[in-house]
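The values are calculated or read from the model by the stated rules, or taken from the named source; none is laboratory data. The structure presented is a predicted model; accordingly, all values stated were derived computationally and were not measured. Positions of Cβ are backbone-derived with ideal geometry, glycine not excepted, and every protein chain shown enters the neighbour counts. Accessible surface is based on the protein model in full, side chains and every heavy atom, while ligands, DNA and RNA are left aside. Shrake-Rupley method; radii C 1.70, N 1.55, O 1.52, S 1.80 Å.
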Amino acid sequence: MNNRRTLIKRLLVTCGIVAWVGGMVLGYLSEGPWRTVGFALHIAGLAVVFATCFYNPPVVPREEQSSARGG
């Protein structure tokens, strides 16, 4: 379970960084509406990176986990 969470977190950070840098490059190299698209992609990638790095899922105590399973 923990390996899956780590893999998903790494994948989200990688995709976020690619979108962040790709948005900067697209905004720098293009004109008109593509510059706006590049800026939006840049902001979305940055948001994904920050949300992935700073989000901590709530911790459920062991007692609640066992009672929820019926044990």
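Miscellaneous remarks
- Of the peptides 42-49, 26-33, 11-18, 55-62, the order by per-residue mean of other Cβ atoms within 10 Å, starting with the highest, comes out as 42-49, 11-18, 26-33, 55-62.
- Taking the protein heavy atoms of the chain in the context of the full set of protein chains, the accessible area attributed to carbon and sulfur is 68 percent at 1.4 Å.
- For the chain, the longest principal axis of the C-alpha atoms and the axis of helix 2-29 are separated by about 10°.
- Residue-wise HN-Hα couplings along region 46-60, as the Karplus relation 6.51 cos²θ - 1.76 cosθ + 1.60 with θ = phi - 60° gives them from phi, are 5, 5, 5, 4, 5, 5, 5, 6, 9, 7, 10, x, x, 9, 9 Hz; Gly and Pro carry x.
- Label assignment, Rg and Dmax of the Cα atoms in Å derived from the structure, set (i) 15.5, 42; (ii) 18.4, 62; (iii) 14.4, 49: (ii)
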